[in-house]
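Student: Pasting a structure here, questions to come.
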C-alpha cells in the first residue's frame, strides 16, 4: 500500500472544565482531564486507525507527555522514526478552558518542543517524505518548516494536502505547492473576500482559493457537510444526519484530514475519498475526545 | 530545636504555569511561549513561605495517586515542612492552570481533586497540635474541614489565622472561630458585598465579625482594622512589578511568621508589606 507522511505538532491537551476566568480571576473548576492533542498528531492517529501506513514528523520533550505520545502512536500504528525527542524543550501543552454549560472555550497553546522543529529536522526526514505518495501538514508547526517540507514533497512528486489550521498568511509561492487545500469554513473565510458559513458561500468563494494556485479546495462545513471544487468540477457531500448522537465535535477536522489522506493513499477518487472522510469524521463526533475519538477502519467499512 | 510551630490545613496543587503574550478571552485561542510545572496550592505555598522563615510547619492535606502526586511530594521533600499529615487518596491530585503575561496579569482555574477529601480524623490527633501557636487556613478546601480544624485549635487555645482566598461565602460559624482574617481587595468586595471601593468600610464591617482584619490592596497598600477600633491605612512601597502571582501567599507567610515572633500586629503588617514588595519586583 502507498504511504502517508504527516508533519505537525503534538501537545498534551490539558482540559479544565468550569466557568472561564477573566483577567485577574481564579475560578474553582469542576474537572480536569489530560489527553493527547495537536492537529498533526491527531491526524496521524486518525490515519493510523483508518488503515494508512503513516509516519509522523514531529518533536516532543523527554518527559511524561512525550511518553504519552509514543504510547498512543504504538497503539494506533503511527510510525515514530521521525518523532524527535528534544533534550532542551518540554513537550508542548494546550491549556483548554471549557465551560460545559455554554460551550465556550479559551485556549492557550504552547508548542514547546514541536515549536522548535527545524529545517534541518525536515532534511533529516527527507526520505520519509520522498517515499510517501501523500504528504499532509497543517499550520501549527513553524511556518518556514512547513513550507520547506511542502517544497520537498512537491519536488519529489508527492501529492500534498495542507490543512490551513490555524489560518495564517502564506506567501504567494506556497499555494502552487498544494494539491489539496482543506480549510474549515472559518479558515476558508480567512483566504477569501467574504465570509463562508454554508454550502452556497463555499461555492461562491471557492474560486478565489483556486485562483491563489491550489489545485483542489475541500472546505469542511461542520454539520452541513463538505464542499469540493477544482478547475473542472465541484461536489457537495452532505454530512451524516447524526442529530443528538453528536456529543463532541473537537477533533472532527483532524478525523476528516487523516482519513481523507488515507483514502487518497488507497487510490480512491476525490469524491470517494471525501465520502469516506465525511463518514469517518461524522462517527468521531459521536464520541468524547480528539485522538481517542477516532474510529477504527472496520466501523467505516460497515457503513459504506 | 525550634518549638514554635504552625499547623496549616490547606490545599496542594500541581500548577501548570503558562507564559503567554495574550491571556485568552472567551472564544480565543492564543499562542503561549512556554510552560512549566510548579508546586502550588495556597496551603502548600503558605507552608513553604513559613518554613523558609524557620517556622516548624505541619501541613494537613491530601494528594491523589497519579503522576502529579509524585512530583508534588518530591518538591515538598525539598522543604522542612512536616509531611506526615499528607494523605495519598484514591483520586486525582489538585491541579491548577495559570496563564500569565509579562505584565504580571493572569487568569487561573483550579480543580481541587484530592483537596476536597482531606480527612477530618487527622485533626483529632493531639500530637498534631503539640507546641502549635497558630492554625493557618485558606479557602481552597471544604468549609466543614476548616471549621473542624478551627474548633480543634480553639479547644487547645491555639489562635486561628484565615486567608479567605479565593473568595467564597463564609458562614457565621466560621467567622466566629477566626482571630485574624486576611483578604485582598477582590475578596473583600465579594465577601462584604460592598460595591464601591471603600475598603475602610469593608474592614470595619469585617471587624464586627473577627477580631483582626487585614485587607491587602496591592499597589495601594494595606488596610487593617481591630475590633472596636477605626480602620487604619498603611501605604505601599513603590516597585516595578514583575509578577504578582503568589504575592498573597507570600504576604500571609511573612506576616504570620513575624507576628508569632514579636506579637506586634501592626509592625508585622509593615514588615510583610515591605518584603512582599521586594518579592513581586524580583
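Every number here is computed from the coordinates shown, using simple stated rules; none is lab data. Bear in mind that the values here come from a model prediction, so they are computed numbers and not experimental data. Methodologically, a virtual Cβ is constructed for each residue, glycine included, from the backbone with ideal geometry; neighbour enumeration extends over all protein chains shown.
Student: Ignore the peptide's own chain and count Cβ atoms of other chains within 10 Å of each Cβ in A:86-98; give me the average, rounded.
Tutor: Numbers: counts 0, 0, 0, 1, 4, 1, 3, 7, 4, 11, 3, 7, 1.
The shielding value for this peptide is 3.
Student: For a test of the definition: using alpha carbon positions, the gyration tensor, and the 1.5 limit on a/c, classify the stretch B:27-84 as rounded, prolate or oblate.
Tutor: Details: a/c = 2.60, a/b = 1.86, b/c = 1.40.
Prolate, because a/c is 1.5 or more and a/b exceeds b/c.
Student: Rounded to whole Å, give me the distance from the Cα center of the stretch A:60-105 to that of the stretch B:196-249.
Tutor: The distance from the Cα centre of the stretch A:60-105 to that of the stretch B:196-249 comes to 44 Å.
Student: Give me Rg over Rh for the stretch B:141-191, both radii from the alpha carbons and Rh done the Kirkwood way, two decimal places. Don't jump to the answer; show the numbers that get you there.
Tutor: Working: Rg = 10.9 Å, Rh = 11.3 Å.
Rounded to two decimals, Rg over Rh is 0.97.
Student: Next question, about the same structure. Take the Cα atoms of the stretch B:167-282, find their three principal axes, and give me the spread along each one in whole Å, biggest first.
Tutor: Rounded to whole Å, the extents work out to 39, 33, 24 Å.
Student: Rounded to the nearest 0.05, what FRET efficiency do residue A:198 and residue B:21 give with R0 = 41 Å and r taken as the Cβ-Cβ distance? Could you check?
Tutor: Working: r = 34 Å, r/R0 = 0.84.
Efficiency for this residue pair is about 0.75.
Student: Please say if the stretch A:36-105 is rounded, prolate or oblate, where rounded means a/c under 1.5 for a ≥ b ≥ c the square roots of the C-alpha gyration tensor eigenvalues, and otherwise the choice is prolate for a/b larger than b/c and oblate otherwise? The partial results should precede the final answer.
Tutor: Working: a/c = 2.68, a/b = 1.30, b/c = 2.06.
Oblate, because a/c is 1.5 or more while a/b does not exceed b/c.
Student: Taking beta carbons within 10 Å but only from partner chains, what does the mean come to for residues A:294-304?
Tutor: That works out to 0 on average.
Student: Can I ask one more? In nanometres, what is the gap between the two model label sites at residue B:167 and residue B:53, each 7 Å from Cα along Cα-to-Cβ?
Tutor: Rounded to a tenth, the inter-label distance reads 2.6 nm.
Student: Return the distance in nm (one decimal) between the two label points of a simple spin-label model at residue B:267 and residue B:235, each offset 7 Å from Cα along Cα→Cβ.
Tutor: With each label placed 7 Å out from Cα toward Cβ, I get 2.3 nm.
Student: Over chain A, what is the relative contact order in percent, taking alpha-carbon pairs closer than 8 angstrom and at least six residues apart?
Tutor: This gives 18 percent for chain A.
Student: Arrange the peptides A:287-293, B:74-80, B:54-60, A:275-281 so that the one whose residues have, on average, the most other Cβ atoms within 10 Å appears first.
Tutor: A:275-281, B:54-60, A:287-293, B:74-80
Student: Then there is this: What FRET efficiency would be calculated for the residue pair residue A:169, residue B:157, taking the C-beta separation as r and a Förster radius of 51 Å, to the nearest 0.05?
Tutor: 0.15
Student: Sort the stretch A:119-169 into rounded, prolate or oblate with this rule: let a ≥ b ≥ c be the square roots of the eigenvalues of the Cα gyration tensor; rounded if a/c is under 1.5, and if a/c is not under 1.5, prolate when a/b is larger than b/c, oblate otherwise.
Tutor: Oblate shape, in that a/c is at least 1.5 and b/c is the bigger or equal ratio.
Student: Once the stretch B:1-155 is represented by equal point scatterers at the alpha-carbon sites, with solvent omitted, what log10 I(q)/I(0) does the Debye formula produce at q = 0.16, 0.18 Å⁻¹?
Tutor: The Cα Debye sum returns log10 ratios of -0.87, -1.04.
Student: If you average the alpha carbon positions of the stretch B:95-124 and of the stretch B:152-192, how far apart do those two centres end up, in angstrom?
Tutor: Comparing the Cα centres of the stretch B:95-124 and the stretch B:152-192, I get a distance of 18 Å.
Student: How long are the three semi-axes of the equivalent ellipsoid of the stretch B:79-190, in whole Å, if each is the root of 5 times an eigenvalue of the C-alpha gyration tensor, listed from largest down?
Tutor: On the way: eigenvalues 131, 76, 37 Å².
One finds semi-axes of 26, 19, 14 Å for the stretch B:79-190.
Student: Over the Cα atoms of chain A, Rg to Rh with Kirkwood Rh, two decimal places?
Tutor: When Rh is taken as the Kirkwood radius, the ratio is 0.95.
Student: For the stretch A:121-189, calculate the relative contact order in percent as a whole number, restricting contacts to Cα pairs under 8 Å that are 6 or more residues apart.
Tutor: 31
Student: Provide A:171, B:5 in ascending order of the number of other Cβ atoms located within 10 Å of each residue's Cβ, fewest first.
Tutor: Starting with the residue having the fewest Cβ neighbours, the order is A:171, B:5.
Student: Note down the nm distance, to one decimal, between modelled labels 7 Å out along Cα→Cβ at residue B:282 and at residue B:176.
Tutor: It works out to 4.2 nm between the two label points.
Student: Quick check on the stretch A:159-304: what are the equivalent-ellipsoid semi-axes from the Cα gyration tensor, as sqrt(5λ), descending, whole Å?
Tutor: Semi-axes from the Cα gyration tensor: 24, 16, 14 Å.
Student: Something else now. Which value does Rg/Rh take for the protein assembly as shown over its C-alpha atoms, Rh per Kirkwood?
Tutor: 1.07
Student: Please compute the length gained on full extension between residue A:118 and residue A:272, using 0.36 nm multiplied by the number of residues separating them and subtracting their Cα-Cα distance.
Tutor: Using 0.36 nm per residue and subtracting the Cα-Cα distance, I get 51.9 nm.
Student: Across peptide B:59-68, what mean number of C-beta atoms from other chains lies inside 10 Å of a residue's C-beta?
Tutor: For this peptide, the per-residue mean of nearby foreign Cβ atoms is 1.
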